[in-house]
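First comes the structure, then the notes that go with it.
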Amino acid sequence: MAICLQFSKEEGSKYKGEEEEEEECSLDGSVDCYGRPAIRETSGRWFAGTIILVNQGLATLAFFGVGVNLVLFLTRVLQQSNYEAANNVSKWTGTVYIFSLVGAFLSDSYWGRYKTCAVFQAIFVIGLVGLSAATNLFLIKPKGCGTPDTPCGSHSSWEIALFYLSIYMIALGNGGYQPNIATFGADQFDEENIQEGRSKVSFFSYFYLALNLGSLFSNTVLVFFEDKGLWALGFWTSAASAFAALVLFLAGTSRYRHFKPSGNPLSRVFQVFAAAMKKWRVELAHEEENFYEVGGKDNLSNGARRILHTHEFKFLDKAAFITSRDFETGLYNPWQLCPISQVEEVKCILRLLPIWLCTILYSVVFTQMASLFVVQGEAMTSKLSNFRIPPASMSSFDILSVATFIFLYNRVISPLLSRSRKTKVESKGLTQLQRMGVGLVIAVMAMVSAGIVEIYRLEYAQKDCKHCSGSSSLSIFWQIPQYALVGASEVFMYVGQLEFFNAQTPDGLKSFGSALCMTSISLGNYVSSLLVTAVMKISTKDHMPGWIPGNLNYGHLDRFYFLLAGLTGLDFVAYIFCAKWYKNIKLESKYEENEKGNFEA
């Protein structure tokens with residue numbers, strides 16, 4: 001068996017090659033599936049990363065095979081109104097991402113990312129099989145229903161319950177899996193190694209590209225079959241794709257790099273606040289030697305890199321300040337005295353929260369693609385010669401936009417900006433926070449575009465219609481700009497957000513960082529549902545049809561889009577202040593690069 005030695009960057013070149021049996025370990029503390037230090041040449045890197053990218057593509061195909069057309073399934077098969085269906089889709093999508101917190105908690109605390117991904121993917125497969133079977137056996141009644149011209153009949157309460165049980169199992173499985181697979185993929189690259197560090201940055205772009213390419217098949221082929229009423233075929237295809245993703249993930253087990261879970265993060269956070277409150281009268285000394293650290297400053301538990309002390313939230317430093325009473329009672333009570341590294345973990349989370357809050361309203365814009373954009377497209381002319389374009393398939397233009405802008409950013413925009421920047425530290429184009437700000441601006445443009453299209457759709461609409469499918473003579477292709485702009489904004493917002501939260505969370509909370517991204521999407525869906533409810537309640541007074549009625553031709557969906565544009569613009573202003581205030585995490589190995597915040601006005 002080869003002996004694995006862990007080299008520092010300076011010592012690596014000295015010892016390499018001295019003994020053929022010795023091989024270099026990764027420097028970030030990762031281990032193999034047996035808990036031994038991970039050998040660089042035989043684990044992780046792009047071999048494992050590619051498996052995870054394909055796994056993500058297949059799982060995304062499965063998820064969007066259900067999610068992208070769910071609003072039409074609810075209106076055609078379960079006979080819900082546009083308003084009710086859009087709200088139910090928002091709540092379901094929001095629940096998907098709320099479950100990401102469950103997955104992140106189990107991953108960081110007890111199971112680790114590999115086991116968490118495997119378990120929740122299995123739940124995901126079971127939910128898809130249940131939905132496919134329920135649709136095939138019970139929900140498509142009478143046979144051939146579920147098309148624009150043939151809505152289905154009524155269903156019993158237990159059939160509806162079986163449907164909701166299945167889709168919320170899908171929500172649990174996909175939600176628990178998503179934040180961990182992104183972080184698990186990033187774990188395969190050692191950012192302490194220059195070459196692998198660059199690959200890690202590229203991985204997030206490729207990850208989001210794999211996510212969108214996976215959904216491309218769902219948004220074209222599966223959507224076409226489902227629009228024709230072949231719902232069971234579409235759902236069974238999704239189930240098969242999810243099963244293939246799970247098998248592929250398990251097949252790569254021996255090549256993955258892992259990080260050991262670091263224990264319950266909630267208790268660590270509460271311990272810091274409790275210890276600081278108990279010492280609220282203590283006067284802090286200026287010397288950092290008075291701060292407590294388990295085993296000394298050079299002891300890195302679970303391979304985690306030490307976070308350097310910062311001067312924000314100084315009140316929390318009292319939790320690590322050693323007093324005479326601590327010597328009397330013994331340095332063993334974490335609710336009385338916490339290591340300074342534990343205090344810095346809490347500070348990192350507190351600094352992230354304002355940025356995270358500013359991303360929620362962007363997700364309100366993003367979620368319109370799966371709900372009101374589809375409803376709007378359903379009321380437009382969607383025939384191309386004798387072929388009817390499914391409204392949900394228009395999101396393929398979002399995917400094409402994502403792929404195009406990822407290529408443009410990595411190959412054109414970033415190199416140009418890198419050559420023009422004068423700073424030595426930042427040489428990768430826009431910083432993560434700047435990219436997120438650009439995403440917010442483009443989101444405003446997307447909502448304005450959608451509102452203008454709706455104004456013209458209403459001008460060419462036939463108000464007295466039975467089902468209102470294709471009731472406006474305006475072509476559905478006028479929706480392309482709004483989908484393309486949302487796709488462009490995703491490249492800047494969501495890819496930047498993935499990189500940002502992964503880089504700015506401590507080593508023991510990486511899944512929590514990815515879960516923050518997912519949770520912002522979740523809360524965005526809930527906020528969207530609340531906005532729709534509030535708008536309908538206010539706009540339906542005095543017997544008015546409201547902005548989003550069952551017959552859109554009597555409503556004013558354009559006003560709702562313009563409202564979102566205005567709110568997102570205000571959110572961007574708040575984001576600028578939060579981003580300028582933010583200070584980066586300072587890790588011992590690279591603190592000189594990270595003293596300043598990411599955002600430059």
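None of the figures in this text is laboratory data; all of them are computed from the coordinates on show. Keep in mind the model is a prediction, meaning the values are calculated, not measured. FYI the Cβ positions are ideal-geometry reconstructions off the backbone, even for glycines, and counts take in every protein chain you see.
Listed values, structure above:
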{"quantity": "Cα gyration tensor of region 93-148 - equivalent ellipsoid semi-axes, whole Å, descending", "calculated": "34, 13, 6"}
{"quantity": "Computed E for S156/L357 - FRET, C-beta separation, R0 45 angstrom, nearest 0.05", "calculated": "0.60"}
{"quantity": "Signed unit charges on C-beta, dipole axis of region 142-296, positive-most listed residue L246, L216, A232", "calculated": "A232"}
{"quantity": "Whole-number Å³ per residue for the convex hull built on Cα positions in region 145-304", "calculated": "232"}
{"quantity": "Within region 98-165, trypsin sites (Lys or Arg not before Pro) in DSSP loop having at most 16 other beta-carbon neighbours inside 10 Å", "calculated": "K143"}
{"quantity": "Compactness of region 212-292 as Cα Rg over 2.2 N^0.38 Å, two decimals", "calculated": "2.23"}
{"quantity": "10 Å Cβ shell holding at most 11 others, DSSP loop, chymotrypsin sites (Phe, Trp or Tyr not before Pro): longest site-free stretch of the chain", "calculated": "333-601"}
{"quantity": "Cβ-placed point charges (K, R +1; D, E -1), dipole of region 312-386 about Cα centre in debye, nearest 20", "calculated": "220"}
{"quantity": "Cα-centred dipole magnitude for the chain, charges only on beta-carbon of K, R (+1) and D, E (-1), debye, nearest 20", "calculated": "1440"}
{"quantity": "Sequence-distant residues sharing a close amide H with S472 (under 5 Å, placed H)", "calculated": "M380, T381, Q462"}
{"quantity": "Helix 557-581 axis, angle to the chain major axis (alpha carbon atoms, nearest 10°)", "calculated": "10"}
{"quantity": "Sum of -39500 (n - 2.57) over DSSP H runs of 4+, divided by residues of the chain (222 nm, nearest 500)", "calculated": "-19500 deg cm²/dmol"}
{"quantity": "q = 0.14, 0.20 Å⁻¹: log10 I(q)/I(0) that the Debye formula gives for region 53-208, counting C-alpha atoms only", "calculated": "-0.75, -1.21"}
{"quantity": "Long pairs among K91/K541; K141/K537; K463/K537; K228/K541, criterion Cα-Cα beyond 31 Å", "calculated": "K141/K537; K228/K541"}
{"quantity": "Between helix 340-367 and the chain: long-axis angle, C-alpha atoms, 0 to 90°, nearest 10", "calculated": "10"}
{"quantity": "Loop sites in region 196-291: trypsin sites (Lys or Arg not before Pro), DSSP, at most 16 other Cβ within 10 Å", "calculated": "K228, R281"}
{"quantity": "Leading residue at positive end of dipole, the chain (Cβ point charges), from I389, L27, S199", "calculated": "I389"}
{"quantity": "Unit Cα scatterers, Debye sum, region 103-191: log10 I(q)/I(0) for q = 0.12, 0.19 Å⁻¹", "calculated": "-0.51, -0.82"}
{"quantity": "Per-q log10 I(q)/I(0), region 324-364, q = 0.21 Å⁻¹ (Debye; single scatterer per alpha-carbon; no solvent)", "calculated": "-0.72"}
{"quantity": "Size of electric dipole in region 99-195: Cβ of Lys, Arg +1 and of Asp, Glu -1, about Cα centre, debye, nearest 20", "calculated": "560"}
{"quantity": "Between 0 and 90°, nearest 10: helix 113-134 axis offset from the chain longest Cα axis", "calculated": "10"}
{"quantity": "Exposure rule at most 15 other beta-carbon atoms within 10 Å, DSSP loop GluC sites (Glu not before Pro): the chain longest free segment", "calculated": "313-587"}
{"quantity": "Hull shadow area, averaged, the chain [alpha-carbon convex hull, nm²]", "calculated": "31.1"}
